[in-house]
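Inspection log for the structure reproduced underneath, given as structure tokens.
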Amino acid sequence: MPDLLIELFSEEIPARMQKRASEDLKKLITDGLVEAGLNYAGAAAFATPRRLTLSVEGLTGESKAVREERRGPKVGAPDKAIEGFLRGAGVAREDLEIRDDKKGQVYFAVVEKPGRKAADIVAEVLEKTIRNFPWPKSMRWGEGTLKWVRPLHSILCILCDEAGAEVVPLDIDGIRSSNTTQGHRFMAKDTISVSSFDDYEARLKRAYVVLRADERAEMIWHDATNQAFAAGLEVVEDRGLLAEVAGLVEWPVVLLGRIDDDFLGLPPEVLQTSMKEHQKFFSVRNPKTGRIERFVTVANMETADNGATILAGNQKVLSARLADAKFFWENDLRTVKTMGLEGMGAPLADVTFHNKLGSQADRIKRIEALAREIAPSVGAKPDLAAEAARICKSDLSSEMVYEFPELQGLMGRYYAEAAGHDDGVPEACEEHYSPLGPSDDVPTAPVSVAVALADKIDTLTGFWAIDEKPTGSKDPFALRRAALGVIRLALQNEMRWELIDLIVSHFMSKHEIVADGSEGYGFGGKTDFLVEFWQLLSGTGYGGPESEKELFWLGVSDELTKDLLSFFHDRLKVFLKDKGIRHDIIDACIAMPGNDDLTLLVKRAEALAETLATDDGENLIQGFKRANNILTQAEEKDGVEYSYGADLKYAEEPAEKALFTALDAADAKIAPAMEAEDFSTAMTAMAALRGPIDQFFTDVQVNAESQVVRRNRLNLLSRIRKICLSVADLTNIEGSS
Amino acid sequence: MAEKPRSFQEIILRLQNYWAGRGCAILQPYDMEVGAGTFHPATTLRSLGSKPWAAAYVQPSRRPTDGRYGENPNRLQHYYQYQVIIKPSPPDLQEIYLGSLEAIGIDASMHDIRFVEDDWESPTLGAWGLGWEVWCDGMEVSQFTYFQQVGGHDCKPVSGELTYGLERLAIYILGVDHVMDMPFNDPQSTIPLTYGDVFKQTEQEYARWNFDVADTDVLLQHFKDAEAECQRILSEPADDPKTGLWIIMAHPAYDQCIKASHVFNLLDARGVISVTERQAYIGRVRALAKMCADAFVQTEAGGQAA
């Protein structure tokens, strides 16, 4: 049972590709070996900047011989059919056997595959793997045609057991396999010969190469936190950066450096971003002040001066970088001081948001109008919300955001503060993009909420108006994320609103939009309503009299709004499903009036889910369904609606009378509770009907001989239906078995 | 280890010597405004076709948006690049390159030299390649690229391209803090000159012109003119009626492409190009670059049998 060791040694592999590549190597090789008839006990793959390594343990020495019989065409079949069979089976015609079959004589091919030595299989699988490796991007070099992520220099491939190691012979476009490799580029010049994986890893370490990425990351984090701690500081954790840096070095050497005092006045986020993006430095924070004061860099070298030269160089580079950041910062502040944030954002008029939805400035105008409208319902002053909306995207024109796009919003906050904005406006600049991810924090400050909602709702209505909805996995404008954002904002802030009205009025909001290429429609390219806009461009515009135009577009808006609302409902279902609320429960609530009030909708769904989780609740559903079925059948049969007039005086059985009493009691509780949107109380009262309803069905025959009694009982069932449906549309609830 | 260089020009001279010693033809700068050494036809055009090629040269380069009025320690709107192009890329190009760092006084045992992923793409040239930026102690000292495609043509064989940002490299080697303080010639000379003596004033002049004064209408016209001339040159039949020779004017056409590209950079610095227009302009320059590349591969230097 030999072990296999493969190392593909190349010029520097991009850090971000190393992990995936080592996994791919493992999968492709082990799959290939298994497919060729070999088994193995275990496999592990590794990567450093210059090598991909695979260790396979306990490989079978050779594949088993295989004998396979294949049934072919009948004797006398057309030549073409026989030739095809020969090709498929890989045998010659004279090798075919003729056997008697029920239907006559038939050709048989007997294919015997002898066992193959592991080395032959390994060579074949490795060559195939190298030639077809799924690099995200690969390249040619020199005069060759071989592709690899960067030039491939050597292939180490050995099979080893107690008796020793043996090179698996392989030659790929002139690169011949061996049992040798190289250590660290600068600290170990000699070629290394290896005899096993353990030997390989140990020799690499002596040659200043740590093979395992997690070990390198661990070394970095350990040294970095220790050094920071010794200086009374702490390293700002960044797992992504740690993984990346571990992929940039074979021998990590951690150095703690200083930031020039000149730059400590920059916003900490700017320091952090600049150091991370450009230099791959970790930020080091003073826990007392929260300020970023130093940095950690990771070198790939041990030097005679213990890294002093390297650190000095890194500090100098950082100073130049931060001088640039400072230049942007000061220029931006100057711009803000002289022309305010609106002035800073003026160039947005020339920046296209979407060619069918106008410029960023057009978009900002729409968001402003919407933010003003939403403001009262979230407790914000309309003027403040409008002010925040007007400037919230101005930082997109700043030099800092041009250089570091990831600082958008945050710079807006700093610049809004610098411009003297107050009362939640700067915060709104930063927070109006939130929430981005499903676990992102949701803004709660009123101005922020108003602008965040306006931003997202404008995006959704806009793309709905131009018919650019998400399809399948395609959602290029992140509309699902926007809808989820609206939902989370509404719920978190317990917003009570009529979303439908808001959306319709936004579709119908009057903004003159001028689009590229719209001149040909005889409207001078200008339209009044957002909803009119794309419809016009797509040739389904309105051609009637001007006085009726608004009405016409209102009709279109209604359709689009319904569609958009159901998109919200779909996202809500996904959102609530993650919280353990079943889709049929949500459907039962969506079917109720006021379903565009998401807070109300969720409250109702939560109460219903809670009720259905109880024994009473679950059984009530059975009772309701039974009542509803009997009633529906009777109504169909009789052609009348039993909806009124159940009278206690025609009740005969005690259970029947008891149900009357119970329904009266439930009514008395449910109606006011529903009025007060106290779904919990209403549903508890509804669930309390379970006992009387069950008893009724046990003791009472609905289809009584007396028509009067029967009619009265049907009308009684109708009361059950009415009460239950007033709480939620229980017909949507799937029956529990 | 050689003695450390003492001036900016000594670093350049040592690179010239080093690459001459490695068999490169030492060319002179191209006599046009370009954004990078790659634009020199010795790289752009010569990386096309099958003929082997090895050249090295200094290229003055202009990036109008990088102007900082001479204030930033290492950002300049006019700077020098040192460019090496070898086709086919030799298998030990990384080692040869590291030798050049040693030649200019970087002792690899004392520094942290790293090859960090940086895929190179020039949308204006319709070119891309894979490689790295080379870091020395966290500073980018060179770009190292294996060309895969130029002007829409696959590079076969592949050229290896090295680009050194000379000022930044020299600042580091010479141990000065600000580019303008860097000795240009030997500080022991009778008339010692710093980089600032040579370029500080021009950085201010050009920064002001680039950002605020350049006449955008004139520039827009220049762009259109260069574009039209490039197309006109290439539409001429190869048969020269005067000499009877077969002459495809790939280089004169390419000059116009370079010109259009630089004018675009100036317009960009003036901030008059919107995001949507930007793509369109880049596309127009790329179309020119592609036409020039198409023309060049029809020529003898482009690998066409004479």
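Note on the range A:102-139: residues that are within 14 Å of chain B (Cβ to nearest Cβ), free of Cβ contacts under 8 Å to residues at least 12 places away in the same chain and either of a type in the set (Phe, Trp, Tyr) or loosely packed, with under 13 Cβ neighbours inside 10 Å (or both) total 0.
Are any residues in the range B:82-112 free of Cβ contacts under 8 Å to residues at least 60 places away in the same chain and of a type in the set (Asp, Glu), and if so, which ones?
Hits for the range B:82-112 are B:92, B:95, B:112.
Of all residues in the range A:328-364, those being facing chain B (nearest Cβ under 9 Å), in a helix (DSSP H, G or I) and touching a residue at least 40 places away in the same chain (Cβ under 8 Å) number 1. Residue B:100 meets all of the listed conditions (1) under 25 Å from residue B:33 (Cα atoms); (2) of a type in the set (S, T, N, Q); (3) more than 8 Å from every other protein chain (Cβ to nearest Cβ) but one, namely (1). Filtering the range B:238-286 to residues that are of a type in the set (A, V, I, L, M, F, W, C), outside any helix (DSSP H, G or I) and in contact with a strand residue (DSSP E or B) (Cβ under 7 Å, 6 or more places away or on another chain) leaves B:238, B:246. Here the range B:103-117 is the region considered, the condition is being in contact with a strand residue (DSSP E or B) (Cβ under 7 Å, 6 or more places away or on another chain) and facing chain A (nearest Cβ under 9 Å), and the residue that is surrounded by the most Cβ atoms within 10 Å (Cβ to Cβ) is B:112. Screening residue A:93 on (1) loosely packed, with under 13 Cβ neighbours inside 10 Å; (2) modelled with pLDDT of 85 or more; (3) touching a helix residue (DSSP H, G or I) at 6+ places or on another chain (Cβ under 9 Å) shows it passes everything except condition (2).
Within the set A:299, A:308, the sole residue that is more than 33 Å from the chain's Cα centre (by Cα) and facing another protein chain (nearest Cβ under 8 Å) turns out to be A:299. Each residue in the range B:161-200 was checked for being within 14 Å of another protein chain (Cβ to nearest Cβ) and in a loop (DSSP other than H, G, I, E, B), and 5 of them qualify. Summed over the range B:63-97, residues that are of a type in the set (A, V, I, L, M, F, W, C), away from chain A (no Cβ under 11 Å) and over 19 Å from residue A:323 (Cβ atoms) total 3. Condition check for residue B:183 on (1) touching a Phe, Trp or Tyr at 6+ places or on another chain (Cβ under 6 Å); (2) buried (at least 18 other Cβ atoms within 10 Å of the Cβ): one failure, at (1). For the range B:148-160, residues that are in contact with a Lys or Arg (Cβ under 9 Å, 6 or more places away or on another chain) and more than 9 Å from every other protein chain (Cβ to nearest Cβ) total 4. Applying the selection to the range A:539-574, what residues are over 23 Å from residue A:501 (Cα atoms) and assigned to a helix (DSSP H, G or I)? If the condition is that a residue be over 23 Å from residue A:501 (Cα atoms) and assigned to a helix (DSSP H, G or I), then A:546, A:574 are the ones that fit. For residue B:203, the conditions (1) crowded, with 22+ Cβ neighbours inside 10 Å; (2) of a type in the set (D, E, K, R); (3) not in a helix (DSSP H, G or I) are fulfilled apart from (3). For beta carbons closer than 6 Å, sequence separation of 6+ or different chains, a first residue in the range B:217-238 that is without any contact (Cβ under 8 Å) to a residue 24 or more places away in the chain and a second that is among the aliphatic types (A, V, I, L, M), the qualifying pairs are B:233/B:249; B:233/B:253.
Can you pull out every residue in the range A:318-362 that is aliphatic (A, V, I, L, M) and closer than 27 Å to residue A:277 by Cα? Hits for the range A:318-362 are A:318, A:320, A:322, A:323, A:325, A:333, A:336, A:341, A:344, A:348, A:351. Looking only at the range A:271-289, residues that are closer than 13 Å to residue A:258 by Cβ and more than 14 Å from every other protein chain (Cβ to nearest Cβ) come to 4 in all.
Here's the yes/no breakdown for (1) buried (at least 17 other Cβ atoms within 10 Å of the Cβ); (2) touching a Phe, Trp or Tyr at 6+ places or on another chain (Cβ under 7 Å); (3) within 14 Å of another protein chain (Cβ to nearest Cβ):
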site: A:7; (1), (2), (3): yes, no, no
site: A:13; (1), (2), (3): yes, no, yes
site: A:18; (1), (2), (3): yes, no, yes
site: A:29; (1), (2), (3): yes, no, no
site: A:33; (1), (2), (3): yes, yes, no
site: A:38; (1), (2), (3): yes, no, no
site: A:41; (1), (2), (3): no, no, no
site: A:49; (1), (2), (3): yes, no, yes
site: A:52; (1), (2), (3): yes, no, no
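Residues in the range A:445-486 that are part of a helix (DSSP H, G or I) and among the β-branched types (Val, Ile, Thr): A:447, A:449, A:451, A:457, A:459, A:461, A:486. Taking (1) crowded, with 21+ Cβ neighbours inside 10 Å; (2) in a loop (DSSP other than H, G, I, E, B); (3) in contact with a strand residue (DSSP E or B) (Cβ under 7 Å, 6 or more places away or on another chain); (4) of a type outside the set (Gly, Ala, Ser) in turn, residue B:76 satisfies each apart from (3).
Residues in the range A:258-299 that are surrounded by fewer than 23 Cβ atoms within 10 Å (Cβ to Cβ), not in a helix (DSSP H, G or I) and not acidic (Asp, Glu): 15 in all.
The residue that is nearest to the chain's Cα centre (by Cα), counting only those in the range A:566-582 that are of a type outside the set (D, E, K, R), surrounded by 16 or more Cβ atoms within 10 Å (Cβ to Cβ) and over 14 Å from residue A:488 (Cα atoms), is A:567. What single numbered condition from (1) surrounded by fewer than 19 Cβ atoms within 10 Å (Cβ to Cβ); (2) at pLDDT below 95 fails to hold for residue B:14? For residue B:14, the exception is condition (2). Of the set (1) among the polar types (S, T, N, Q); (2) in a helix (DSSP H, G or I); (3) within 14 Å of another protein chain (Cβ to nearest Cβ), all apply to residue A:154 but (2).
Could you say which residue among B:250, B:280 is buried (at least 21 other Cβ atoms within 10 Å of the Cβ) and among the small types (Gly, Ala, Ser)?
Just one listed residue meets the conditions, B:250.
Within this structure, residue A:448 passes the test of being among the hydroxyl-bearing types (Ser, Thr, Tyr) and either buried (at least 16 other Cβ atoms within 10 Å of the Cβ) or closer than 13 Å to residue A:367 by Cα (or both).
Hey, among B:47, B:142, which residue is among the hydroxyl-bearing types (Ser, Thr, Tyr), buried (at least 21 other Cβ atoms within 10 Å of the Cβ) and not in a loop (DSSP other than H, G, I, E, B)? Give the steps one after another, and end with the answer.
Working: B:47 fails: not in a loop (DSSP other than H, G, I, E, B).
Answer to the selection: B:142.
For the range A:182-241, give me each residue that is in a helix (DSSP H, G or I), among the aromatic types (Phe, Trp, Tyr) and either within 14 Å of chain B (Cβ to nearest Cβ) or surrounded by 18 or more Cβ atoms within 10 Å (Cβ to Cβ) (or both). Walk me through it before giving the result.
Of the range A:182-241, the ones in a helix (DSSP H, G or I) are A:197-206, A:213-230, A:239-241.
Subsequent filtering for residues that are among the aromatic types (Phe, Trp, Tyr) retains A:197, A:200, A:221, A:229.
Across the range A:182-241, the qualifying residues are A:197, A:200, A:221.
The values are calculated or read from the model by the stated rules, or taken from the named source; none is laboratory data. Small disclaimer: the values here were computed from a predicted structure and weren't measured. Backbone-built Cβ (ideal geometry, glycine too); neighbour counts: all protein chains shown.
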